[in-house]
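Q: Attaching a single structure in structure tokens format; questions to follow.
The values are calculated or read from the model by the stated rules, or taken from the named source; none is laboratory data. Every value quoted in this text rests on a predicted model; they were computed, and no experiment measured them. Glycine gets a Cβ as well: all are built from the backbone with ideal geometry, and neighbour counts include every protein chain shown. Just so you know, the surface numbers come from the protein's heavy atoms only, side chains and all, with ligands and any DNA or RNA stripped out. Shrake-Rupley method; radii C 1.70, N 1.55, O 1.52, S 1.80 Å.
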Amino acid sequence: MAETTTLARRHLSTTSVVFMIIAASAPLTVLAGGVPTSFAVSGLLGVPLGYLALGIVIMVFAVGYGAMSGHVQNAGAFYAYVTEGLGNRQGIAAAILALVSYNMMQVGLYGLFGFSLATLLSSTLGVAVPWWVAGGIGWLVVAALGVNSVDLSAKVLGFLVALEFLVVTVVSVMALVSAPEGLSLETVNPSHFLTGGVGVLLAFGIAAFMGFESGAIYSEETRNPRHTVARATYIAVGVIAVFYALSAWALSVGVGPSAIVGASQELGPDLVFAWLGERSPALATVANVLFITSLLAALVAFHNGAARYFFALGRTGVLPRVLGRVSAHSGAPFAGSLAQSVVGLVVIMVFAVAGAGSELGEMFPVLTLFTWLTNAAAFGLVFLLAVTSVAVVAWFARDHHGHGLWTRLVAPVISAVALIAVAALILSNFDLMIGAEGFSPLVVVMPGIIIGSGVVGLLWGEVLRRTRPEIYAGMDHVDRIPEAQEIPLAPERR
């Protein structure tokens, strides 16, 4: 297969990037899994306001992030931004940390996907398969899409996300119509949000937004790199925050504000499907199927992100250059995609062996592979967002590029402080997030892997500076779009 080191150019419109971002956030997965979990673990009614608050924090982050995306273009977004803002060595550290976080998030999802698909096959068709076989089916689909044109992924994700929005909307309308306690506004009362325990709520809630930053990863493949990423990020975050808040409120109304916490603690992620099953078994089955396709969409989105980090690091020589190869036929980061697929396959195999005969039974992939890896990844990505905010401030301090004080300083500083606080909340509540009873070594080990990857990146950056200075120096400003450069743009369809 012919290969190059340049990604396919000018393929993605704003709409395509929005769907990529929302797919990573997985709307139906959030409603079925994230919302009941937040109610159950926090014990608070203020879950809808939690999504709005986090949405505001991320929108503030997007101000500087989006502005910088118009001047810096690279498939390894965090890598490029931190490199430009804080220096090459710090950029390499951010890149390795991002690579580990994206891979952990993507691979961890195979645990929930495999369990959910195996359960569906057993309950509907009477076909019993191990979770790792079901996970392997998802792995094959993701691997195939990853080495094909990003246009194909965008179309598949667009279709799946549209179905997710449809089913969540239908569920929300049904909930508001049933309303055993009436159309109550109890769960959007600020007193239920601004109270003790809000830290747990925010720590769990931030996972619903993971993937919103992925718009910049596709900057090299957008039709208008100066505007598409920022526009798509604003649209996606706004839609996600409002949609999650409304659907969480609707679910609380459908179950009843006085019962939602107890029901969430009793049924967990099965709450939505059990509630639907009492009213429409057919719709409950459809929702179950779309829950699995929602997970598949998130797997594809995070696979694309990890593959592009492999590509970006391989292209510059930070990692073996073979990873920087791109298919001349599809324009996809072929080598990076294969590398991510290999990582996923190896981890699935390791957990399949480790789970054989486990006392956790069928829940093994959910309580280990999914819970451990995705929560650690969420911490890593939030920490990276905070570092990127600092990098944005440092970069604009050297050259304002025509941006005002709010864009280049105030918004990034506010977002950095807020995101550091959220990262600290995740760490302090990590035992709750992984379901540990009492102290568990995983509370140290899993976040330690994230922090350790950043330290390894710093050390590797220093090694490159000393032993391969041509690669280290070659990172300087390589991703910056010249201000005077006129980029011919195709008309953008929204």
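Q: Tell me the carbon and sulfur percent of the accessible area for the chain, rounded to whole percent, probe radius 1.4 Å.
A: 69
Q: Right, here's the next one. Report, to one decimal in Å, the Kirkwood hydrodynamic radius for the chain based on all distinct Cα pairs.
A: It is 22.7 Å.
Q: Using Cα pairs closer than 8 Å and at least 6 residues apart in sequence, work out the relative contact order for the chain, in percent.
A: 35
Q: Check which residues have an amide H placed less than 5 Å from VAL72's amide H, if you skip close sequence neighbours.
A: Amide H neighbours of VAL72, under 5 Å, 5+ apart: ILE481.
Q: Another question, then. Once you charge only the Cβ atoms, +1 for Lys and Arg and -1 for Asp and Glu, what is the size of the charge dipole of the chain about its Cα centre, to the nearest 20 debye?
A: 1220
Q: Let me ask you something else. Can you give me the accessible area per residue for the range 159-206, using a 1.4 Å probe, in Å²?
A: Per-residue accessible area for the range 159-206 comes out at 46 Å².
Q: Given ILE260, SER341, SER116, which one lies farthest toward the positive end of the charge dipole of the chain, if we put +1 on the Cβ of every Lys and Arg and -1 on the Cβ of every Asp and Glu?
A: Of ILE260, SER341, SER116, it is SER341.
Q: Using the Cα centre as the reference, give the magnitude of the dipole from point charges on the C-beta atoms of the range 219-342 (Lys, Arg: +1; Asp, Glu: -1; all else neutral), rounded to the nearest 20 debye. Walk me through the numbers before you get to the answer.
A: On the way: 8 positive and 5 negative charges, 151 e Å.
Roughly 720 debye, rounded to the nearest 20.
Q: Tell me the per residue accessible area of the range 334-421 using a 1.4 Å probe; a whole number in Å² is fine.
A: Result: 42 Å² of accessible area for each residue.
Q: Then there's this: Please pull out the direction-averaged projected area of the range 406-462, using the convex hull of its alpha-carbon atoms, in nm² to one decimal place. The partial results should precede the final answer.
A: Working: hull surface 21.4 nm².
The orientation-averaged projected area of the Cα hull of the range 406-462 comes to 5.4 nm².
Q: Could I have the simple spin-label model distance between PHE165 and SER428, label points 7 Å from Cα toward Cβ, reported in nm to one decimal?
A: 3.7
Q: Where the only charges are on Cβ atoms (+1 Lys, Arg; -1 Asp, Glu), what is the dipole of the range 319-445 about its Cα centre, to the nearest 20 debye? Intermediate values should be presented prior to the final figure.
A: Values: 4 positive and 5 negative charges, 143 e Å.
So the dipole magnitude of the range 319-445 works out to roughly 680 debye.
Q: Same structure again: Can you divide the C-alpha Rg of the range 232-374 by 2.2 N^0.38 Å and report the result to two decimal places?
A: Output field value: 1.40.
Q: Please find the FRET efficiency linking GLN265 to ALA394, where r is the Cβ-Cβ separation and R0 is fixed at 41 Å, and quote it to the nearest 0.05. Display every interim value, and only then the final one.
A: Numbers: r = 45 Å, r/R0 = 1.09.
Calculated transfer efficiency: 0.40.
Q: If you don't mind, another one. Any idea of SER16's accessible area? Nearest 10 Å², probe 1.4 Å.
A: 30
Q: Label LEU176 and LEU194 with points 7 Å out from Cα along Cα→Cβ: what is the distance between them in nm?
A: Each label point lies 7 Å from its Cα, and together they span 2.7 nm.
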